[in-house]
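Heads up: the structure comes next, in structure tokens.
Computed from the coordinates by the stated procedures, all read-outs in this text should not be read as laboratory data. What you are looking at is a predicted structure, and each value in this text was computed from that prediction instead of being measured. Note: ideal-geometry Cβ built from the backbone for every residue, glycine included; neighbour counts use all protein chains shown.
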Amino acid sequence: MDDEKVLKLLSHIPELFFLLSPEFGILWGNNALRELVGEKEKLICYELIHRRKNPPSNCPALKALETKKTCWAVMQAEALDKEFFVMVSPVIKDDKVQALWHLALENPKDNPFLAEDLRVYYETIGLLATGLSHDIKNMLTAALGELELLEMYAQNNLFLKRKCQKVRTILENITELAEKFCDIGKNNKKPELININQVFHDMKSLLKALVPAEIDFQILLNPYVGEVFINRGRLEQIILNLVLNAIQAISGTGKISLNSFNEGDYVVISVEDNGKGIKKELLQKIFEPYFSTKKKGSGLGLAMIKKWIKEAKGKIKISSVEGEGTRVEVWLPRAL
């Protein structure tokens, strides 16, 4: 039941999102895919999308099947006369690929996305899906448990009322997480005047859901922090990527603190953890495209963050001690 609920949640992601068999048959598709192809059965991805008898040579699903790693590419969908940025992640069990998660975002002809922007977007979404799925399942399990108790105690009106309220709260939390999950990076593409603390407030429940229970997560905001001029969708991705990096740097118990404060003509966002830290000789390389200290990842996260911050006329600073932790500061010009 939990898995079915999670799939219903993922059904509302606006992009094409579906699960493939190792033979590229479509096992499950979200609402966007069903609107495109209807309720047909036994569909083969490359036949449906590319009108081919075999997968295209640059097909990321084919590459993901062979390498057992997440792969991506910009693909032309001949059947739709559209171009998509596609990312495919393998589901592996016993060292064998059991299925392939497939995400596709249309690349508008009149306003094409940069491939790097899309890679960071989808890498963030992938990490979010991994981090949230466990939390969402736990909330759904709790809701189902409470509903079972409701049936047992239906005669006690006061108790029933309290239980109803608890179930309602749980389901509202699930809805909120689902909305925030789908909205990440989808805000206005143009820079705008933004209250940093309001962004933190809007993202608070999502960030707390991502952080494991064994990690102490604190958000400390200066109530008098100034406003900044930046693309809100990119700012959300910057915060998410930095928090996700901090989570991945911690093994077991730990601490992450997220702060905002004024520093001269700048508003500063800091994310600090007490994780494994970064080797001194690697600090100079972490902003290089495709460099990564993680086994999984494109290595584009920090490179794109630096690019986005630079475009907002800001700067990024990082300090780290191996074995002690890392602190990243994002400095954005304070709007006058």
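State the antiparallel share, in %, of DSSP beta bridges confined to the stretch 192-333, rounding to the nearest 5.
80 percent
Report, by chain and number, residues whose modeled amide H sits under 5 Å from the one on R334, excluding near sequence neighbours (fewer than 5 apart, same chain).
Distant-sequence amide H within range of R334: Y266, V267.
Just going by the charge dipole of the stretch 192-333, with Lys and Arg at +1 and Asp and Glu at -1 on Cβ, which of A303, N245, V321 is farthest out on the positive end?
Positive-most Cα among the choices belongs to A303.
How large is the dipole of the stretch 192-333 about the Cα centre if only Lys and Arg carry +1 and Asp and Glu carry -1, each at its Cβ, rounded to the nearest 20 debye?
Charge dipole, the stretch 192-333, about its Cα centre: 520 debye, nearest 20.
How big is the charge dipole of the stretch 186-230 about its Cα centre, in debye rounded to the nearest 20, if each Lys and Arg gets +1 on its Cβ and each Asp and Glu gets -1 on its Cβ?
I would put it at about 240 debye.
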